[in-house]
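Before any comments, here is the structure.
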Amino acid sequence: MCNLKEISEQILKAKKIGISFHTSPDGDAIGSSLSLLNALRLLGKDSYIISRDVISDNFSFLSFSEEIDGNTLQPDLDTDLVIVLDCGNVERISADLTSYKGNVINIDHHISNENYGFINYIDSNASATCELSYLLIKELGIDFNEKNDKKIAIGNAIYTGLVTDTGSFRHSNVTKRTHTIAGELIELGVKNSMVHSNLFDNKPFNKVKLMGCVLSNIELVLDNKVAVLQIPKGMLEELNLQNADTSDIISIGLGIKGVEVSMLLKEVEEGVKTSLRSKNDVDVRKVAEVYGGGGHIKAAGVMQKNINIEAAKNNLLKIIKEDIHL
Ligand code: 5GP
Ligand code: MN
């Protein structure tokens, strides 16, 4: 694996830089990308976001978030460097790189990363890719001791990724470094409660109704150790929600006494998208990988194509059953 100094050198000599992330971007994908975009612009580098996705409203407080508008699908012709953040697999990149001939740098914290870049910087000990973007931005020469609004904008984006990928500093992926970086960001002037309330106390009313609908059908299976939550086709449309972020709904399942795994199945156009979360020892990444998905030990996801919700659920429960001690 190369180091951040080499990446920094490649960035500083690049003429035009595209930044992308994993499809259906979460707070870490968005935070790491926008922190880097803000930093590169502060350094005067010609840089922009490539994304087929749009982002949900609760990220709109982040500087340049309006540029993640789903309109730039592939690199511009004169782009000589694309940096992909928080994305383990080529097929999940929210950019079409099929005709792109320049270099790709891959910066991520997924243990299963496919090393698809010409430079790959994968640190699975990082709680969030935002830890890595912070270290890279410092390596690029941005001094967080000298404070100004542009640096606070970088800090807000990094703090967003730290908060969202750690369940607000609650998961076991949190390390001393996570807290050290968070502390340095507070010192810089990041307002933690402002970030938190933008992210979490900002739900559309219908999103809360969705939570109610999903929770009213929750079931416990495998000796009450697995919580199963479902969003059947039509439920989102009925509530006029497009692609609502559902990470808070799945956490409610995990909050139940005795539950080891929480599973949220979402019926989508191509099939069923499932999110999996684990409280202790069950490795949900392995469960997801059986059906072509991936992620982390305690948070993973999988897309099962051309299948109904019941069959998708049973497939996953069969694997979890082998792993869970009943
Ligand atoms: P979520 O359940 O929030 O979509 O994702 C949880 C974790 O699993 C994230 O780290 C995400 O990148 C990963 N993940 C989600 N869906 C997939 C998938 O279909 N394939 C792979 N490889 N990883 C996924
Ligand atoms: Mn992440």
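Observations on the structure shown:
- Estimated Rh, the chain: Kirkwood, alpha-carbon pairs, angstrom: 20.3 Å
- Estimated [θ] at 222 nm from DSSP helical runs (n ≥ 4, -39500 (n - 2.57)) normalised by residues in the chain, nearest 500: -11500 deg cm²/dmol
- The length gained by stretching the chain between residue 215 and residue 5 to full extension, at 0.36 nm per residue less their Cα-Cα distance, is 70.8 nm.
- Taking only Cα atoms of segment 205-323, radius of gyration then Dmax in Å: 13.3, 39
- Full extension of the chain segment joining residue 64 with residue 12 gains 16.6 nm, where the gain is 0.36 nm per residue of separation less the Cα-Cα distance.
- Selection from 204, 271, 60 lying farthest towards where the dipole of the chain points positive, charges on Cβ: 204
- Rounded to the nearest Hz, the phi-derived 3J(HN,Hα) couplings of segment 145-156 under the Karplus curve 6.51 cos²θ - 1.76 cosθ + 1.60 (θ = phi - 60°) are 6, 8, 8, 7, 4, 5, 6, 5, 4, 5, x, 4, where x marks glycine and proline.
- Summing Cβ point charges (Lys, Arg +1; Asp, Glu -1) relative to the Cα centre of segment 205-323 gives a dipole of roughly 160 debye.
- Estimated vicinal HN-Hα couplings, Hz - segment 283-290 in sequence order (Karplus 6.51, -1.76, 1.60; Gly, Pro = x): 8, 6, 4, 4, 4, 5, 5, 4
- Between residue 57 and residue 270, residue separation times 0.36 nm minus the direct Cα-Cα distance comes to 74.2 nm.
- At q = 0.12, 0.13, 0.19 Å⁻¹ the log10 of I(q)/I(0) for segment 95-226 amounts to -0.67, -0.76, -1.11, computed by Debye summation with a single uniform scatterer per C-alpha, solvent ignored.
- Residue by residue, segment 265-273 carries 3J(HN,Hα) couplings of 9, 10, 6, 10, 3, 7, x, 10, 9 Hz when phi is fed to the Karplus relation 6.51 cos²θ - 1.76 cosθ + 1.60 (θ = phi - 60°); x denotes Gly or Pro.
- Relative contact order [Cα under 8 Å, 6+ residues apart], segment 4-200, whole percent: 25 percent
- Near residue 230, the amide H atoms lying under 5 Å from its own belong to 265; only residues 5 or more places off or on other chains count, and H is placed 1.01 Å from N.
- Distant-in-sequence amide H partners of residue 246 (H built 1.01 Å from N, under 5 Å): none
- On Cα atoms only, tilt of 129-139 relative to the major axis of the chain in degrees: 10 degrees
- With every protein chain in place and a 1.4 angstrom probe, the accessible-area ranking of 35, 216, largest first, reads 216, 35.
- Paramagnetic label zone (point 7 Å from Cα along Cα-to-C-beta, residue 77; backbone N under 18 Å) in segment 14-54: 15-18
- Reciprocal of mean inverse Cα separation for segment 71-111 (Kirkwood radius, Å): 10.9 Å
- When you count the other C-beta atoms within 10 angstrom of each residue and take the mean per peptide, 44-56, 22-34 line up highest first as 22-34, 44-56.
The values are calculated or read from the model by the stated rules, or taken from the named source; none is laboratory data. Predicted model, so just to flag it, every value in this text is computed and none were measured. Don't worry about glycine lacking a Cβ; one is built from the backbone with ideal geometry, like all the others, and counts go over all protein chains shown. Keep in mind that these areas ignore ligands, DNA and RNA; they rest on the heavy atoms of the full protein, side chains included. Shrake-Rupley method; radii C 1.70, N 1.55, O 1.52, S 1.80 Å.
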